[in-house]
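A short reminder: the numbers here are calculations on the coordinates, not readings from a lab. This structure is a prediction, so every number in the text was calculated from the model and none was measured. Every residue, glycine as well, gets a Cβ built from its backbone with ideal geometry; the counts of neighbours run over all protein chains shown.
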Amino acid sequence: MDASIAQRQRVSSGAATTSTPDIRVVQLGPGIGAEVKGVDIAAGVDEKAFARVRHALDAHSVVILRDQDITPAQQTAFAQRLGDLRVSFYNRYAVPNQPELSVVSNIKQDGVAIGIEDAGMLWHTDGSYLKTPDMYTVLYGIEIPHRDGKPLGNTLFTSAWGAYESLSDSMKARLAGLRAVHSFVHHLDKKASLGKLKRAPLTEKQKAELPDVDHPIVRTHPLTGRLGLFVTEGHTKEIVGMPGEEGDALLNELWTHLKNPAFIYTHTWRKGDLIVWDNCAVHHLAVFDYGDIPRRLHRAGLLGPVPV
Ligand code: OGA
Ligand code: MN
């Protein structure tokens, strides 16, 4: 770890107590999840305030800014302060005039979906099927479904490092050096077989553009150096060199472990929530319990490094 990262970590660990006037960081979940209070993106976020958000992200992996009222351009500008944005290959659902943002929604206009309808319905990290998966995701809640006054469509986050650190020494030894295949084609096939696919199948050209990739099963966080478990039910197809039952059993054991409530922060959305999460530190899942009740969010993804 280089000196600047160590410096940032020192700052991060003090984030909940150091004072930037009017900004407070409130921890929400078990090791992951924090609300940063006192930031109004539309009004402008100065360097000092932005540094508090960043530090909270390093320390808590999932950061929530509530009561935001922002335009697509403002969301894009804010997200850009975290790094380089990915302009999605799957840009069919870009926000009009804002190719950096994708619409996540179940809403149809004239019978046509306005956004990605099945985003996140299996545990995953964003872009793990790419050589360079997304580092951060910035998701903004515009329409949140309710039934009988109760908000629906929660997003769950689980801690990759919480899950890794609690493994037995023998399991850690077993996983050391192993790699796993992540596959978008497999992901869509799996969604289809579970009846969760709500998009057109990939064309052969799209498939060719999205070849399977492999990544380490134990990933080192590029900023904190912390080790995290990096296999997901959504995208991990098999363990390299361990196809068949043995590999499947091991993957199932790790997926089950990652779903232990001890590692999970459940986010109940409110309109105006902006969530930033660290895909190197957490996995996430969208709960689809709202049927046709409208839900609409805008998402930005930040480019990340090759996982090591
Ligand atoms: C995503 C995603 C979760 C949700 O957009 O990447 O996983 O709750 N969304 O919509
Ligand atoms: Mn996602």
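Computed from point charges on the beta carbon alone (+1 for Lys and Arg, -1 for Asp and Glu), the dipole magnitude for the chain about its Cα centre is near 280 Debye. In a shell of Cβ-Cβ distance under 12 Å around D67, excluding D67 itself, what net charge do Lys and Arg (+1) and Asp and Glu (-1) give? My count for the surroundings of D67 gives 0. Diffusion coefficient of the chain by Stokes-Einstein, Kirkwood radius over Cα pairs, 37 °C, 0.692 mPa s: 165 µm²/s.
Net charge of the neighbourhood of H221, taken over other residues with C-beta under 10 Å away and scored Lys/Arg +1, Asp/Glu -1, is 0.
If R0 equals 41 Å, the separation of the Cβ atoms of A200 and K271 corresponds to a calculated FRET efficiency of about 0.90.
Hey, how many Å between the Cα centroid of the range 81-115 and the Cα centroid of the range 27-49? After rounding, the separation between the Cα centres reads 24 Å. In terms of distances greater than 32 angstrom between alpha carbons, the cross-link table entries K37/K207; K37/K150; K48/K196; K131/K271; K150/K205; K205/K259 yield K37/K207; K48/K196; K131/K271; K150/K205; K205/K259.
Computed over the chain with a Gaussian network model linking Cα atoms closer than 10 Å, the most mobile of F157, F50, F263 is F50.
In the chain, the DSSP-assigned H stretches of four residues or longer account for a calculated mean residue ellipticity at 222 nm of -7000 deg cm²/dmol, using -39500 (n - 2.57) per stretch and the full residue count as denominator.
Positive-end ranking of L139, G127, G244 along the dipole of the chain, with charges on Cβ about the Cα centre, is headed by L139. Only Cα pairs under 8 Å and at least 6 apart count here; give the relative contact order of the chain as a rounded whole percent. Once divided by the residue count of the chain, the mean separation gives 31 percent. Given their separation in residues at 0.36 nm each and the Cα-Cα distance between them, D148 and V240 gain 28.4 nm when the chain is fully extended. Eigenvalues of the alpha-carbon gyration tensor of the range 126-232, scaled by 5 and square-rooted, set the equivalent ellipsoid semi-axes at 28, 23, 14 angstrom, largest first.
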